[in-house]
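As structure tokens, the structure follows; a few thoughts come after it.
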Amino acid sequence: MAHWLFKSEPDVFGWDDLVAKGGAGEEWDGVRNYQARNNMRAMALGETGFFYHSRSGLEVVGIVEVSALAHPDSTTDDDRWECVDVRAVRPFVKPVSLETIKADPRLSDMVLVKNSRLSVQPVTDAEWAILCELGETKP
């Protein structure tokens, strides 16, 4: 199974907002980047991802799970845009900052480091394990 990273501005839709949605989760809507959309199209049910607070916070704060496969994004009538649904699984014991990620040579090839603007991105198994270790959180 693949792993992913989902970026959201905490003042628009943060970790606590997703937790409040409960087990049903929420659409990861509003994505208007073809690469990010294609990443969501590639997702399978049950795959896991990191919830990353972008713009302010700049840190991985929790683990999410894909709870619905790619489907039309309800925030637009344009059929080019799709999204998945995600649900909160567990928070990180210790959030992992972008500064910490960039400082760790084991993560130098991570998409978050190389293409920080991409809102939905893949995470390798090795990166997944390292970030969970840094966050003192069960994978």
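The values are calculated or read from the model by the stated rules, or taken from the named source; none is laboratory data. All figures in this text were calculated on a predicted structure; none of them were measured in a lab. Cβ sites come from the backbone with ideal geometry, for glycine too, and all protein chains shown count toward neighbours. Please note that ligands, DNA and RNA were not included when accessible areas were found on the heavy atoms of the full protein model with its side chains. Shrake-Rupley method; radii C 1.70, N 1.55, O 1.52, S 1.80 Å.
The set of residues in the stretch 21-30 being more than 17 Å from Ile63 (Cβ to Cβ) and either touching a strand residue (DSSP E or B) at 6+ places or on another chain (Cβ under 6 Å) or hydroxyl-bearing (Ser, Thr, Tyr) (or both) consists of Glu27, Asp29. Residues in the stretch 53-64 that are in a strand (DSSP E or B) and out of contact with any Asp or Glu (no Cβ under 7 Å at 6 or more places or on another chain) were compared, and the one that is surrounded by the most Cβ atoms within 10 Å (Cβ to Cβ) is Val60.
If the condition is being closer than 14 Å to Val64 by Cα and either touching a Leu at 6+ places or on another chain (Cβ under 7 Å) or open to solvent by 50 Å² or more (accessible area, probe 1.4 Å) (or both), then the stretch 96-121 contributes only Gln121. Of everything in the stretch 7-29 that is open to solvent by less than 50 Å² (accessible area, probe 1.4 Å) and in contact with a helix residue (DSSP H, G or I) (Cβ under 9 Å, 6 or more places away or on another chain), the residue that is nearest to Val89 (Cα to Cα) is Gly25. Filtering the stretch 55-74 to residues that are of a type in the set (A, V, I, L, M) and at negative phi leaves Val60, Val61, Ile63, Val64, Val66, Ala68, Leu69, Ala70. Here the condition is being under 13 Å from the mean Cα position of the chain (by Cα), within 17 Å of Pro139 (Cα to Cα) and of a type in the set (Val, Ile, Thr); of Val64, Val31, Val84, it holds for Val64 alone.
Just to be sure before I move on: is Ala36 in contact with a strand residue (DSSP E or B) (Cβ under 8 Å, 6 or more places away or on another chain) and more than 25 Å from Val93 (Cα to Cα) in the structure I sent? Yes; evaluated as a whole, the condition is true for this residue. Within the stretch 126-139, residues that are at positive phi have Cβ atoms under 8 Å from residues that are open to solvent by 50 Å² or more (accessible area, probe 1.4 Å) in these pairs: Glu136/Val93; Glu136/Lys94, counting only partners at least 6 apart in sequence or on another chain.
Where helices (runs of 4 or more DSSP H) fall entirely within the stretch 82-139, those with at least 2 residues that are of a type in the set (Gly, Ala, Ser) are at 125-134.
Pairing each residue of the stretch 38-64 that is touching a residue at least 12 places away in the same chain (Cβ under 8 Å) with any residue that is among the charged types (D, E, K, R) and open to solvent by less than 40 Å² (accessible area, probe 1.4 Å), provided the two are 6+ apart or on different chains, yields C-beta distances under 7 Å for Tyr52/Lys7; Ser54/Lys7. Scan the stretch 14-34 for residues that are under 17 Å from Gln121 (Cα atoms) and charged (D, E, K, R) and the total you get is 3.
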